[in-house]
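One structure is given below, encoded as structure tokens.
The values are calculated or read from the model by the stated rules, or taken from the named source; none is laboratory data. Predicted, not measured: the structure shown is a model, and the values here were computed from it. Virtual Cβ from ideal backbone geometry, glycine too; neighbours counted across all protein chains shown. When the accessible area is computed, the model is the full protein with side chains, heavy atoms only, and any ligands, DNA or RNA have been set aside. Shrake-Rupley method; radii C 1.70, N 1.55, O 1.52, S 1.80 Å.
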Amino acid sequence: MNLDYFIDRFSKNREVFSGLARGVSLEQARWKPSPDKWSILEVINHLYDEEREDFRQRIELVLAEPMQRWPPIDPRAWVTSRGYNDRGVDISLNNFLSEREKSLSWLRNLSEPNWQNSNTGPNGTLTAGDLLASWQYVGAIADPHQTAYGGPWKES
């Protein structure tokens, strides 16, 4: 895996999210296109929680302790249980951007990670490479790693 490629994409995406959310009113940030879709604020807070409690944490575990059971997560339930839409836009965005910086620093400091390290859990067997490719969806260039863990990347 070309780690520099991922670091570059993470850096660029950080700026994209910042540009999309800065200057958006709270009313706009809380608006949902339909009841079953997420608002901008829910997406930002989802990214924040995924950044720190899902992808980075799981990759760290797979690289350092592949046999350790992963802490449970429930990202879909967090939207309401953690009150994503009740939060402020700027604080939510700043939280995410801060976590993204931590992720970038962590990725830059990896030394010869074994992307084939794997963990078997409720989502089947996933390698560290699968998790990285799913975290920053890369499709065909992820080969031989799979991106399914990150969920469907199309409107459902």
* Asked: For S111 and N2 in the same chain, what is the full-extension length gain: residue separation times 0.36 nm, less their Cα-Cα distance, in nm?
  -> 38.0 nm
* Structure fact -> Between R22 and Q68, the FRET efficiency computed from the C-beta separation at R0 = 30 Å comes out, to the nearest 0.05, as 0.20
* Pop out the carbon and sulfur fraction of the accessible area of segment 32-76 as a percent, whole number, probe 1.4 Å. => 54 percent
* To do: Mind giving me the FRET efficiency for W31 and S98? R0 is 22 Å, r the Cβ-Cβ distance, nearest 0.05 is fine.
  => 0.30
* Asked: Using the Cβ atoms and a cut-off under 11 Å, what net charge is assigned to the surroundings of N85, where Lys and Arg are +1 and Asp and Glu are -1?
  -> +2
* Could you please tell me the mean projected area of the C-alpha convex hull for segment 1-123, averaged over all directions and given in square nanometres to one decimal? => 8.4 nm²
* Quantify how much of the Cα-Cα distance distribution of segment 1-44 extends past 15 Å, in percent. => 54 percent
* Asked: Per residue, how many Å² of accessible area does the chain show with a 1.4 Å probe?
  -> 57 Å²
* Do any chymotrypsin sites (Phe, Trp or Tyr not before Pro) in segment 15-93 lie in a DSSP loop with no more than 10 other beta carbon atoms within 10 Å, and if so, which? -> none
* Asked: What are the trypsin sites (Lys or Arg not before Pro) within segment 1-52 that DSSP puts in a loop, where the Cβ has at most 15 other Cβ atoms within 10 Å?
  -> R22, K37
* Asked: In nm, what is the difference between 0.36 nm times the number of residues separating T80 and R9 and their Cα-Cα distance?
  -> 22.6 nm
* Asked: What is segment 50-117 by shape, rounded, prolate or oblate, if you read a ≥ b ≥ c off the alpha carbon gyration tensor as root eigenvalues and call it rounded for a/c under 1.5, prolate for a/b larger than b/c, and oblate otherwise?
  -> oblate
